[in-house]
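Contents: one structure, followed by commentary.
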Amino acid sequence: MDTKLTRRAVIGGGAALAAGAGAAHGEDKYPSRTVTIVQGFPAGGPSDVIARLLADNLQKTLGQPFIVEPRPGASGTAAAAFVARAAADGYTLSVIPGGHASTAATFAHLAYRPVDDFTMISLISEYPYVMCTNADSGIKSVAELVRIAREERSTPLLYGTPGVGSGPHLAIELFALKAKINVQHVPFRGSAPAVQELVAGRLDFMMDPPATLLSFVKSGKLNALAVSGSKPYFALPGTPTLAQAGIKGVDVSAWQGLIAPAKLPEPIVTRLNGEVTRMLADPAVIQRLHAFGNEPAPSTPQQFAKRLSDDIGLWTTVADAIHFQRI
């Protein structure tokens, strides 16, 4: 018998067991140092607000610093590429918006695989898009909007969005496909200038996040015709969903979720998912989410992964149907 080989094998096997035990011990003690939550948009935006809310709560419950690092650029894809390359040890996390799915459908080339290069931990929050018209237009229902588009207008209805390939862009094109009406996209650099044009009466309608539109609805400058989600929206009681308004197949909402690099150890996934779920049951957190138009939306990792895959499939179908030229 080769005693050297045998001894080497025993020593090697023991080292491997020790390393495995050490890794497991490290996961049990997670986190033991600062955790960075990356988000891909300027500070103060929806993803940043959610990331900071999450960081504050995780720091309190897990006892280590959680810091938020904005990495804006390329519609969030620069931050996603950074996270995809990070170590899967739980010390680099990311809050992503539903735009992670729309960029997968509208970008010709990405430096990462939108699903396979990440671990889905939990959805955090969601909100529907709100369809609005100028109050002076006289259009107060989806049925009126569709009738005018079909019967009274010789040119397409003009709608504004925060940009080409954005969630609102694809959502309105999906609505137009289902309603069988002609629409013309007018993209802007962000939602604010688009809303100003709608308030001024130079656009026919918009669909955008509630945070952008609610103040104008409440002041009477805009009419809220419908919301895009599957259920009534807490901030606009009495406003129908698009399905209730007669347009089926436009059950869409925007969201934020927590991810990590692919192959994050299961004990860390489980712990973070549990912490997010507990956080989102806290009345104080729910109140803060409601303050900027969001609703808590905890999920299992599997539910989040399915939601992301389904959204990518939906937006890819829409992009193909409108012959979208990939960015």
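Things to note:
- For the chain, built as a Gaussian network whose Cα springs stay under 10 Å, the top-fluctuating residue of Asp282, Asp204, Asp251: Asp282
- Net charge dipole, region 117-167: roughly 180 debye, given to the nearest 20, about the Cα centre with Cβ charges of +1 for Lys and Arg and -1 for Asp and Glu.
- Most mobile of Thr212, Thr103, Thr34 in a GNM of the chain (Cα contacts under 10 Å): Thr34
- Each of Tyr129, Tyr233, Tyr30 was scored by other Cβ atoms within 10 Å of its Cβ. Arranged with the fewest first, they read Tyr30, Tyr233, Tyr129.
- Backbone N under 20 Å from the Arg288 label point (7 Å along Cα→Cβ), restricted to region 98-133: 98, 121-127
- Put simply, the amide H of Gly257, placed in the peptide plane, has neighbours under 5 Å in Ile96, Ile124, leaving out anything fewer than 5 places away on its chain.
- DSSP beta bridges in the chain [antiparallel fraction, %, rounded to 5]: 60 percent
- The angle separating the long axis of helix 301-321 from the principal Cα axis of greatest extent in the chain is about 40 degrees.
- Across the options Val142, Pro70, Pro237, the greatest Cα extent toward the positive end of the charge dipole of the chain (unit charges at beta carbon of Lys, Arg, Asp, Glu) belongs to Pro70.
- Equivalent ellipsoid, region 130-227 (semi-axes from 5 times Cα gyration tensor eigenvalues, Å): 18, 16, 12
- FRET efficiency for the pair Lys263 and Ser309, taken as 1/(1 + (r/R0)^6) with r the Cβ-Cβ distance and R0 = 22 Å, rounds to 0.80.
- Listed candidates (1) 35, 24, 19; (2) 44, 21, 16; (3) 33, 26, 25 - label of the one calculated as semi-axes √(5λ) of the Cα gyration tensor in Å: (2)
- Above-threshold pairs, the threshold being 20 Å between Cα atoms, out of Lys218/Lys248; Lys263/Lys306; Lys140/Lys218; Lys29/Lys306; Lys178/Lys221; Lys29/Lys60: Lys218/Lys248; Lys29/Lys306; Lys178/Lys221
- The GNM of the chain, with springs linking C-alpha atoms under 10 angstrom apart, assigns the highest mean-square fluctuation among Ser141, Ser32, Ser75 to Ser32.
- Each Lys and Arg contributes +1 and each Asp and Glu -1, all at the Cβ; summed about the Cα centre of the chain, the dipole is approximately 320 debye.
- Ala74/Ser230 FRET efficiency (R0 22 Å; Cβ-Cβ; nearest 0.05): 0.10
- Degrees separating the helix 46-62 axis from the principal Cα axis of the chain, which is the longest one: 30 degrees
- Cα centroid separation, region 235-281 to region 122-143 (Å): 19 Å
- Here the convex hull built on the C-alpha positions of region 284-327 has a volume of 110 cubic angstrom per residue.
Only the coordinates and a few stated rules stand behind these numbers; no lab work does. Values in this document were obtained by computation on a predicted structure and should not be read as measured data. Quick reminder, even Gly has a Cβ in these numbers, built from the backbone with ideal geometry, and neighbours come from all protein chains shown.
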